[in-house]
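S.K.: Got a structure for you, questions after.
Any read-out appearing in this document is the output of simple, stated calculations on the displayed coordinates, not a laboratory observation. Computed from a predicted structure; not experimentally measured. Methodologically, a virtual Cβ is constructed for each residue, glycine included, from the backbone with ideal geometry; neighbour enumeration extends over all protein chains shown.
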Amino acid sequence: MKLPKNIEEIRKNAFEDNQIESLDLSSCINLNIINECAFESNQIKQLKLPQNINLINVEAFSFNKIKILDLSNCTQLKEIDENAFLNNPLNEIKILEEVEIEFNIDYKNDVWKKFIKYYHNHVEKSGDYKLENNEWQWYPL
């Protein structure tokens, strides 16, 4: 699925429960906010986000099939709200420094929640995080 280049914001629940499997937003150069539950409950396996994204809101991509989350090109990303990637089979996350990731204690056993806890406790923020033996490990990008 691709959206127009000039889109600036994706509204709450805009594409929820649509069976989307692949989502390429990389050409949406004006997109800076993905709101609450925008792509929740789809089948997204492949996700490409634009460089200028600033905020990924609550549960924006929850309940999908994302294994590799590459945010390393998102140079303007400042905040990822709680549960944004909840209930995805994540096993690798590439992320830059200076990203604030909201956290609450619900869903303690979810891999996204485990990542956030590890991210908050790790000195280095920018990196390639990999899930190995059910534990997150940090590697330089």
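S.K.: Can you give me the C-alpha center-to-center distance between segment 112-136 and segment 1-35, rounded to a whole angstrom?
M.R.: Each part reduced to its Cα centre gives a spacing of 26 Å.
S.K.: Sticking with this one: What FRET efficiency comes out for Asn104 versus Asp128 if R0 is 25 angstrom and r is the Cβ-Cβ distance? Round to the nearest 0.05. Could you put the intermediate results ahead of the total?
M.R.: Details: r = 25 Å, r/R0 = 1.02.
Efficiency, rounded to the nearest 0.05: 0.50.
S.K.: With runs of 4+ DSSP H residues as the only contributors, calculate the mean residue ellipticity of the chain at 222 nm using -39,500 (n - 2.57) per run, divided by the residue total and rounded to the nearest 500.
M.R.: -2500 deg cm²/dmol
S.K.: Let me ask something additional. Roughly how big is the chain's charge dipole about its Cα centre, with Cβ charges of +1 (Lys, Arg) and -1 (Asp, Glu), in debye to the nearest 20?
M.R.: Here the size comes out at about 340 debye.
S.K.: In addition: Mind giving me the FRET efficiency for Lys117 and Ser26? R0 is 30 Å, r the Cβ-Cβ distance, nearest 0.05 is fine.
M.R.: Efficiency at R0 = 30 Å is approximately 0.55.
S.K.: Note the angle between two axes, namely the Cα long axis of helix 111-121 and the longest principal axis of the Cα atoms of the chain, as a number of degrees from 0 to 90, rounded to the nearest 10.
M.R.: Tilt of helix 111-121: around 60 degrees.
S.K.: What is the spread of the Cα atoms of segment 1-113 along each of their three principal axes, largest first, in whole Å?
M.R.: If we take the Cα atoms of segment 1-113, the spans are 38, 32, 23 Å.
S.K.: Still on this structure, I have one more. Rounded to the nearest 5, what is the percent of antiparallel bridges among the DSSP beta bridges in the chain?
M.R.: Of those bridges, close to 40 percent are antiparallel.
S.K.: Calculate the dipole size of segment 26-97 relative to its Cα centre from +1 charges on Lys and Arg beta carbons and -1 charges on Asp and Glu beta carbons; express the result in debye to the nearest 20.
M.R.: On the way: 6 positive and 9 negative charges, 74 e Å.
Dipole about the Cα centre, nearest 20: 360 debye.
S.K.: Would you list, by chain and number, the aspartates and glutamates whose Cα falls below 14 Å from the Cα of Lys67, excluding same-chain residues fewer than 8 positions away?
M.R.: Reachable aspartates and glutamates: Glu21, Glu92, Asp110, Asp128, Glu132.
S.K.: Normalising by the residue count of the chain, find the relative contact order in percent from Cα pairs under 8 Å and 6+ residues apart.
M.R.: 16 percent
S.K.: How far is it, in nm, from the label point at Gln46 to the one at Thr75 when both lie 7 Å from their Cα along the line to the Cβ?
M.R.: Label-label distance for Gln46 and Thr75, simple model: 2.5 nm.
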